[in-house]
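Here is the structure we will look at.
FYI, it's all coordinate maths here, none of it is from the lab. Just so it is clear, the model here is predicted, and its values are computed rather than measured. Reconstructed Cβ throughout: ideal geometry from the backbone, glycine too, with neighbour counts over all protein chains shown.
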Amino acid sequence: MAHLRERFVQNPLLKSLAWSPVVGIYGLRQVGKSTLVETVVKKKNGLYESFDRSATLTSSENLPYQFCERDRLLCIDECQKGPWVFPVIKDLIGTRRRPGRFLLTGSIRFTLKKEIQEALTGRIILYELLPFTLAEAMHRTPSLFLETCFEKIFKGGPVRQKDCEDLLDSVGKMSASRKTGLQQILRHLSVGGMPIPCFSRDEERRKQWTEGFFETMITRDLPLADPGLSGILPAQGLSFLKRLALMQGEELNYSELAGSAALGLDKAKRMLKALVALCLIDLIVPEGHARKSQRKMRVEWKDSGLWNYFSQTPFHMLADNQAAMSLFLSQELRFQQSMTKRMTQWTYYKSHNGANIPWIVRQGRNMLALVYLPTESPTPYHYRALKQLLAREPQGCGIILGAEKAPCRALDHRILLMPYTTVL
C-alpha cells in the first residue's frame with residue numbers, strides 16, 4: 001500500500017527541521033504531501049492543521065498570532081490558502097528563532113506568491129515532493145547514480161581517464177546489485193508515480209481518477225494559481241494539455257499551444273506559468289553559450305502517467321518510444337538531482353541541425369552530459385554532439401545511456417557507455 005512506503009525525502013526533511021525554523025514542502029496535488037507530513041509530525045510530536053478545513057482557515061484569519069504561536073512543531077497543510085499567516089510567521093521566528101517551529105505544505109509553489117516570498121525569503125528550506133520513483137514504489141533503496149558520477153569523476157580539475165574508469169567499475173557493480181525488469185519499468189512508465197494510479201490494479205479506477213484530477217486542475221487549481229484563468233473552459237484546458245503532452249522533451253511553442261485551445265498568446269503564457277507553479281511540468285533552460293543552438297525552453301512533464309493520459313501510447317509500444325523512455329529517465333534524474341549533496345542545475349542543448357543533449361547537469365564548474373541511445377554499440381556519429389560540448393568543458397564528462405544489455409565501457413577519453421538501467 002502507498003501509505004506504507006517511506007518517501008526518500010523524509011530523512012532530509014527531518015534533518016532540516018533539526019536546525020531550520022521553517023521547512024516547506026510543495027508538489028502536485030494528491031502526490032502524497034499530507035501523508036508524508038502527518039508521518040513527520042507524529043515523529044516530532046508536533047501539531048497538524050490543514051487550511052483545506054474551512055473552520056481552521058477562519059480561525060487562522062481571525063486570530064493569526066494565537067493560531068501560529070505554539071510550543072512545538074506546527075504543520076500547516078495547504079498553507080498558500082491563508083497568506084495572512086506568513087507575516088506572523090516572519091515576526092515569530094524573528095523574535096524567537098528556534099529550530100523546527102513550522103512545517104508548511106502547498107500544492108502550489110507558494111513562495112512564488114509575492115506576499116509569501118517577501119515573508120519567507122532566506123528563512124525557509126524548501127523541498128519538492130515528486131511522484132513515486134520506481135525504487136520508492138518497489139520498497140528499494142534510492143539510486144545513487146548521479147551522486148556517484150560527481151564523486152568519482154570530478155576531483156577539482158580536468159577529468160582524468162582513471163576517474164572515468166573508476167566510475168565504470170562502480171556503476172557496473174551498482175547495476176549488478178539493482179536488477180530491474182523491463183516489465184516493471186514499463187508499468188511504472190505507463191501508470192506514473194501518483195499514489196492512486198501507481199498502486200491501483202484497476203485500470204478503470206486509474207482512468208476515472210486521472211479524468212477527475214485534470215478536471216479539478218482546470219476548473220479550480222488554475223484559477224487559484226492565477227485568478228485571470230477563471231474563464232478557461234474544461235475543453236480548452238484539455239486541448240491545451242494534450243498539445244503540451246505532444247511537446248514533451250521538445251522546445252516550447254507558445255503559438256501552437258494558444259492555437260490548440262483557441263486562446264490568446266498572453267493567456268497561453270499565463271496558463272503555462274500556472275502549470276509550472278502547480279508542479280505539473282518543468283521548463284528546462286537551454287545552454288546559453290552554445291553556438292547554433294536552440295534558445296527556447298524545453299517542456300518536461302513531472303509524471304509519466306499524467307503525460308501518458310494525453311499521449312495515449314499503448315503499453316506494448318512504450319519500450320520502443322524514445323520520448324516515453326526519455327521521460328522516464330528524466331523523472332529519475334530529476335529526483336536524484338534533488339537529493340544530491342551539492343546544488344545542481346539542469347540545462348539542455350539542441351542545435352538547429354538536430355544534435356540533442358537532453359540532460360546537462362552542473363555542479364559549479366563540473367558538468368555531466370547524458371544522452372539516451374537505445375543501442376549496444378553507438379558509433380562516433382552518435383556522440384559527435386557530446387564531443388563538441390566536451391571540447392570546451394575540461395571539467396566535463398559525457399555518458400551515453402544505451403540499451404539494457406549495453407556493456408559498461410569507455411568510448412572516448414571522457415565519453416562512457418552504460419546501460420540505461422544503471423540510472424535506476
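Comparing LEU129, LEU389, LEU252, which has the greatest mean-square fluctuation in the GNM of the chain with Cα pairs linked when under 10 Å apart?
Looking only at LEU129, LEU389, LEU252, the largest GNM fluctuation is found for LEU389.
How would you rank 13-23, 275-285, highest first, on the average number of other Cβ atoms within 10 Å across their residues?
275-285, 13-23
Mind listing the long-range amide H neighbours of GLU250? Cut-off is under 5 Å, sequence gap 5 or more, other chains count too, H placed in the peptide plane at 1.01 Å from N.
VAL299
Taking +1 at the Cβ of each Lys and Arg and -1 at the Cβ of each Asp and Glu, which of GLY106, ALA369, LEU318 sits farthest along the dipole of the chain towards its positive end, judged by Cα position relative to the Cα centre?
So the residue we want is ALA369.
Against the longest alpha carbon principal axis of the chain, how many degrees, from 0 to 90 and to the nearest 10, is the axis of helix 203-216 turned?
Roughly 60 degrees between the two axes.
Across the stretch 219-232, in residue order, what do the Karplus-derived ³J(HN,Hα) couplings come to in whole Hz, using 6.51 cos²θ - 1.76 cosθ + 1.60 with θ = phi - 60° and x for Gly and Pro?
With the stated coefficients, the stretch 219-232 comes to 8, 10, 6, 4, x, 5, 6, 8, x, x, 9, 5, x, 5 Hz.
On a 0 to 90 degree scale, rounded to 10, what angle separates helix 265-277 from the longest Cα axis of the chain?
That helix lies at roughly 80 degrees to the long axis.
Which of the three applies to the stretch 215-299, rounded, prolate or oblate, going by the alpha-carbon gyration tensor with a ≥ b ≥ c and a/c under 1.5 meaning rounded?
prolate
Express as a percent, rounded to the nearest 5, the fraction of DSSP beta bridges in the chain (both residues included) that run antiparallel.
40 percent
Can you compute the helix-only [θ] at 222 nm over the chain? Use -39500 (n - 2.57) per DSSP H run of at least 4 residues, normalise by all residues, nearest 500 deg cm²/dmol.
My calculation for the chain gives -12000 deg cm²/dmol from helical runs alone.
When the convex hull of the C-alpha atoms of the stretch 2-129 is computed, what volume per residue in Å³ does it have?
Roughly 97 Å³ of hull volume per residue.
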